[in-house]
Amino acid sequence: MATAPHVLVVSGVLSGVDNEFFGTHERMYRPVYTRVVLSEDAPQTFFTWSEGWGGECRLEVTITAQLNQNRHIFVTVNGKFYEGTSEATMDLADEQTQSALVPKSGLPIPFSLQFFNREPFGGDTATISVTFVNVVEDILLIDIRGLWYHRVDAELDSASEHTFMHLVWKPDISTLTEEQMHDQVKVLHKLSNNETNQMRTGFFELLLHKMPSLRVVEFSMLPFSESVGLDLFDTQLSTSKRDVEYHFQANNAATLFASQETASNFSSLYMSILNMTRPAVDLSVLPKKVNDMILRIGNLLMYNLKHVTDNVKSILDERGYFIVLWSSYKESDNTISQILSGAFFDVLMRGTGEQ
């Protein structure tokens, strides 16, 4: 099987302070989110940014990444901090270059650089604070309880005719890549009122089509712009017309900051920081009887998955669904599946691949 490309996800904040001797300090705050697909052992400069503020300061940032033979990613960050009589000044106050190795395990790697104006009375500063994650995007495992779908009409000209059924039995595990899975769930179907126009079906439409109101909780190491839950807010899907309460729980501040711009478009989306990998987490901020719990935290063996499943079961409705997405590795898949099965979650769909 072909080696899957790796994706470097970068999320965090660029910030700075123009220190004023008289008056209020002027500040710069810029959330950052970017990603790059790496499939060759060659460096790629994929992020460049220049931000001025206060009429005197400017921060320039360049990030280069390279995938090595072990599928780890070597990242180099260069930052230049300028301070002078305008934001276009070429008076370089500070420059730093630093590198980090981001392992293929999916473990988030925090990274920070701070810059100073060391001239007399120069209290100006700038900071790069980001998190790097090395993921295999088309490798995942999804755990779905008690639901499958079945095509009733196999005629080619009737491909839009589908029925969805709750079944008491569990189907065999199906091996799908992420692309194949999306092809399966984003099928066309006719609207129930027999209108001539058609509407595509998203991932949540498949899972939650019988529920008039939805309570969803997602715990993720990636910003909300990467969430499978975006389907719920797609105006082309019937799920967007339902009563949806969506709680996005970021695992760190950088992920939360990088999610703010996307999240601001949705009034029924609530965000906070919560670590589901700790024992007996206080979940009072979350709704009771959650219809769907999404877990996306990279290589789950880096965390205590037993704590995660205990926390999930304390808020998940008995007819709800627990969806788990992670970067898949041969040495970890069996162990993770055993833990989920031991917690009485049945693994129904999973992607496979080589790293």
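Quick note: the coordinates plus some simple rules give every number you see, no bench work behind them. Since this is a predicted model, take the numbers as computed values, not measurements. Neighbour counts are summed over all protein chains in view; Cβ atoms, including those assigned to glycine, are modelled from backbone coordinates with ideal geometry.
Could you work out the Rg to Rh ratio of the stretch 4-134, with Rh taken as the Kirkwood radius (inverse of the mean 1/r over all Cα pairs)?
On the way: Rg = 16.2 Å, Rh = 15.5 Å.
Computed over Cα atoms, the ratio is 1.05.
So which chymotrypsin sites (Phe, Trp or Tyr not before Pro) in the stretch 1-71 end up in coil per DSSP with only 15 or fewer other C-beta atoms within 10 Å? Present the calculation step by step, with values, prior to reporting the outcome.
Numbers: sites: Phe21, Phe22, Tyr29, Tyr33, Phe46, Phe47, Trp49, Trp53; in loops: Phe21, Phe22.
Here the chymotrypsin sites (Phe, Trp or Tyr not before Pro) that fit, given the DSSP loop and packing criteria, are Phe21, Phe22.
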